Amino acid sequence: MRMDEPREDRASILQLRRFAALLDRLPCWENDGYRQSKKCILLTQSGSRDSIEILEVSQSGNAVVDKCVITFASLALEVEILADIARNKHFNALIAYGEDVDDCLVKEGGAVKMIARFLPFLQELSVYINRCYEVFRNLLLQMHKFFELREDVLVRVRDRKLSRTWRTLGNLLSILVTFDEIIQQHTVLRQHWSSFFKAMQMMHHNPSQFGAESEYLRPLQGVIVHIDAQIMNGFIFKNCCQQMFDEGLHSDSQFSDRLRNIILELNDRWNHVAVNALADEQRLMVIMSLTALHAILFRQVEKKLVKTVWGMHKRLPAFHLIGEIIWTPCDFLVKSISDIDRVIDRKSISTIGALRSALFDQQAEMLAREAASNTTVLAEWQCKMAEELSEWPKDNPHGHLMHRTALFIKGAHQADRISRLLRTVLNGHLCERKAVSRSSAVAIFRLVELIKAIEETFMRWWNEVLETCQQAIQQWSGQLLRLINAVKESMRIETNLSYQKVDIISALTIAEIALCGAVTRNRLIVAGVALEMACYTKVFRWSDVQATDELLTRLDLLVDFGRIVLRLCDCTFLYSHRTIIDAYFDSLLDDTAARPEPFFEAINDAEIILNESRHAAPEMVFEKYCKE
């Protein structure tokens, strides 16, 4: 570059050199043979999502035990299906609402027109919520009637806690809580619905003015009023809990005590795990939902229970839920339990906001440090993955199997920790209307790239990961079978078998049958329910109870490992933070540490949300997003 050239030409040449350096940092796509579609990660999912398999394996010959296992396992499967529908479809359709692809909102009456396009989805959502209500009601009544069974039908029925079934109920309620949060915090949707609702009322009162026929308007108006009351008023969760039940259920003190004890047990486990690991956000939602249900269902606020659960905010005062939403568990309790101020003093309630702000500040300060430390940790993990997975060792296969699965879990755990930090910081700044500093933005860029680097590493070695997962599932299910079989055989050798032990042996037989075939999610559900029907926490030795719980947790993890990897490496949160994307592009030429390819992968994750758009064609919404 000659100094006698005009200044503008010199600046252009420097810019071109920066751009050339950026292109040099990008990988050569033609030689990138290890890249695969993300869909291949779902290969770990085996078995269909229907109840036929549950019916096939729940055959011990003991009619009462078989029917109980089939009932609770089928309802647990139904809740998992409902959860998948909500997370993969309905949540995303609500979040994507408002993207104006055809300048509809610029024109007069645009909001009414957009909601009119969205109305079929809202009708579907109404049907879905009714289905959730029915499953909730069925599950609650089945448990209540189960604990009322006579001793001559099922001996010592009250010894069975059914902890997994209670957690299933909490998972279902947490879905409804999430719907409430999305809708109540979606300002555009609520404003558009208000305009639409008023317009339809005007048309209903004077149809001739709008050229409408009253006989067609009446059923439509009924649908709109129903959607407004059921979905838009923010009481999806509360309406579910306030369904009409027999007075015998509301006044059943033993059933109330049973739910209270389950909540306290879940609380103890959550606190124990949160000491040394990341706090389980979903489990926290389950605990809060069940606590609110207890107060609503039994029409009383139990002081000890609410105070104990309230104390969980000391470990996790708030967390990112979905979209732009920061969920504060204590705020949820205040809104859901009407007389909570009798138990929790106003000072404690008023400090929740300050604790949440302190959490946001603390997490923001960690960004630069976490970006540096996680870069080193990731490099070490990638080297260990390459070293371990390049070939299957001939010596000590069991030891290497454990080492491999520990490596997989370590990578997933790192992605989870980074993702939580980013989502909390970005949405915390949005919640408090604060700008992200330049240094924080650079750290965010690096952390997003790290998440996608973890995903890319899993994809590169996915065949080996899949093979290892299948071998580990076989080995761990075999260990669990040996534990179950040892207990069952020790009971069988007794000369005088009581009815209680016959029921236990029947339940253990179902668990064995479920674990004997290819381990699927459905079979694990059956095994878990059957073990609870067998009162395994009382029948097994304590060391075997702990081993059983650990093996079930591992199997749950590996059977769904592909889905877990995709969820933890999901960067759809960038969809709500396009200013960060703009800032990344602005800094790209000058930032020599940038890795554009993984960041572009993160940006493209928005397709997960946009593909479920229902107010406009998904391809049009995605095209608009790409242009922006």
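Remarks
- Residues in region 485-504 that are part of a helix (DSSP H, G or I) and touching a residue at least 60 places away in the same chain (Cβ under 8 Å): 499, 500, 502, 503.
- Residue-level check: of (1) touching a residue at least 60 places away in the same chain (Cβ under 8 Å); (2) touching a helix residue (DSSP H, G or I) at 6+ places or on another chain (Cβ under 6 Å), residue 123 misses just (2).
- Qualifying residue in region 379-388 (condition: of a type in the set (S, T, N, Q) and without any contact (Cβ under 8 Å) to a residue 40 or more places away in the chain): no
- Condition met for residue 545 (touching a Phe, Trp or Tyr at 6+ places or on another chain (Cβ under 7 Å), within 16 Å of residue 165 (Cβ to Cβ) and at pLDDT 95 or above): no
- Residues (surrounded by 14 or more Cβ atoms within 10 Å (Cβ to Cβ), among the aliphatic types (A, V, I, L, M) and under 20 Å from residue 76 (Cα atoms)) located in region 119-156: 129, 135, 139, 140, 143
- Per-region count, region 439-483, residues touching a Pro at 6+ places or on another chain (Cβ under 7 Å) and of a type in the set (A, V, I, L, M, F, W, C): 1
- Of the residues making up region 88-108, those that are surrounded by fewer than 15 Cβ atoms within 10 Å (Cβ to Cβ) and in contact (Cβ under 8 Å) with a residue 12 or more places away in the chain number 2.
- Candidates 326, 337, 322 - the one that is over 17 Å from residue 424 (Cα atoms), touching a residue at least 40 places away in the same chain (Cβ under 8 Å) and assigned by the TED database to the domain that holds residue 305: 337
- Qualifying positions in region 443-463 - more than 24 Å from the chain's Cα centre (by Cα), over 15 Å from residue 418 (Cβ atoms) and part of a helix (DSSP H, G or I): 460, 463
- Where residue 528 falls short, out of the listed (1) out of contact with any helix residue (DSSP H, G or I) (no Cβ under 6 Å at 6 or more places or on another chain); (2) crowded, with 19+ Cβ neighbours inside 10 Å; (3) among the small types (Gly, Ala, Ser): (1)
- All of (1) assigned to a helix (DSSP H, G or I); (2) closer than 24 Å to residue 306 by Cβ; (3) among the aliphatic types (A, V, I, L, M) hold for residue 344 with one exception: (1).
- One residue alone among 415, 372 is surrounded by 18 or more Cβ atoms within 10 Å (Cβ to Cβ) and under 27 Å from residue 315 (Cβ atoms), and that residue is 415.
- Residue 482 vs. criteria farther than 21 Å from residue 408 by Cβ and surrounded by fewer than 21 Cβ atoms within 10 Å (Cβ to Cβ): yes
- Helices (runs of 4 or more DSSP H) contained in region 561-611 and holding at least 3 residues within 22 Å of the chain's Cα centre (by Cα): 561-568, 596-604, 607-610
- Of note, residue 78 satisfies the criterion of being modelled with pLDDT of 90 or more, under 30 Å from residue 164 (Cβ atoms), among the acidic types (Asp, Glu) and not in a loop (DSSP other than H, G, I, E, B).
- Filter result (free of Cβ contacts under 8 Å to residues at least 60 places away in the same chain, surrounded by fewer than 16 Cβ atoms within 10 Å (Cβ to Cβ), part of a helix (DSSP H, G or I) and under 31 Å from the mean Cα position of the chain (by Cα)) within region 214-236: 225, 229
- Of all positions in region 193-213, at least one carries a residue that is within 28 Å of the chain's Cα centre (by Cα) and either of a type in the set (Ser, Thr, Tyr) or in a helix (DSSP H, G or I) (or both).
- Any hit, region 143-162, residues being part of a helix (DSSP H, G or I), under 20 Å from residue 533 (Cα atoms) and of a type in the set (Lys, Arg): yes
- Pairs linking a residue in region 534-556 that is more than 16 Å from residue 491 (Cα to Cα) to a residue that is surrounded by 16 or more Cβ atoms within 10 Å (Cβ to Cβ) and among the charged types (D, E, K, R), with Cβ atoms under 9 Å and 6 or more positions apart or on different chains, are 556/521.
The values are calculated or read from the model by the stated rules, or taken from the named source; none is laboratory data. For clarity, every value in this text was computed on a predicted model and none was experimentally measured. Here Cβ is always computed from backbone atoms with ideal geometry, including for glycine, and neighbour counts include all displayed protein chains.
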